[in-house]
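The values are calculated or read from the model by the stated rules, or taken from the named source; none is laboratory data. Just so it is clear, the structure is predicted and the values come from calculations on it, not from any experiment. Reconstructed Cβ throughout: ideal geometry from the backbone, glycine too, with neighbour counts over all protein chains shown.
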Ligand SMILES: [Zn+2]
Ligand SMILES: [Zn+2]
């Protein structure tokens, strides 16, 4: 039986073929690792991949991630810091995010009421809404889990200094 990743790889192969590009082994490794994550930076993905494929450079991973974005498999996000996070959107519809300042945890949500209010607000201001990004920043209520999941030496997102 074809696994989900097999299906994605076939899908990607077709898309690449349309652009006269090949699914190289390197691209396949990056895609494979990327699809195992929800939101990840290129650096973090590089570290994951390095465990099994040390020869893959960060530049290759960046290039492949950008390609995946062009193909609609990934979406670039900027969660409060200057790092680019890549959102694995292959199986996702539009969604918004909640982000923890402390551990960098990202929660996805979709709320039809908020979506509707945004439309209404745009309309009220004589605006035709095409797209939006809603990011809500704060802290995990579960302090214990939050502290346990701090993996990066610096906070994943910039805490306002006020
Ligand atoms: Zn997301
Ligand atoms: Zn947290």
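Observations
Conditions (1) outside any helix (DSSP H, G or I); (2) under 30 Å from residue 148 (Cβ atoms), marked per residue:
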{"position": "8", "(1), (2)": "no, no"}
{"position": "13", "(1), (2)": "no, no"}
{"position": "21", "(1), (2)": "yes, no"}
{"position": "32", "(1), (2)": "no, yes"}
{"position": "44", "(1), (2)": "no, yes"}
{"position": "67", "(1), (2)": "no, no"}
{"position": "94", "(1), (2)": "yes, no"}
{"position": "102", "(1), (2)": "yes, yes"}
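- Every pair of residues 6+ apart whose Cβ atoms lie under 9 Å, when the first sits in segment 1-15 and is not assigned by TED's automatic domain parsing to the domain that holds residue 35 while the second is at pLDDT below 75 and surrounded by 10 or more Cβ atoms within 10 Å (Cβ to Cβ): none
- Positions within segment 69-81 being farther than 21 Å from residue 147 by Cβ and either without any contact (Cβ under 8 Å) to a residue 40 or more places away in the chain or within 14 Å of ligand 1 (Cβ to nearest atom) (or both), in sequence order: 69, 70, 72, 73, 74, 75, 76, 77, 78
- Screening residue 86 on (1) exposed (fewer than 14 other Cβ atoms within 10 Å of the Cβ); (2) touching a strand residue (DSSP E or B) at 6+ places or on another chain (Cβ under 8 Å) shows it passes everything except condition (1).
- Among residues of segment 118-129 that are closer than 19 Å to residue 95 by Cβ, those with a beta-carbon under 8 Å from a residue that is outside any loop (DSSP other than H, G, I, E, B) at least six positions away or on a different chain give the pairs 129/118; 129/119; 129/122; 129/123.
- Filtered residue count, segment 67-101, keeping only those that are away from ligand 2 (no atom under 16 Å from the Cβ) and on the phi > 0 side of the Ramachandran plot: 1
- Residue 61 passes every criterion in (1) assigned by TED's automatic domain parsing to the domain that holds residue 9; (2) within 16 Å of ligand 1 (Cβ to nearest atom) apart from (2).
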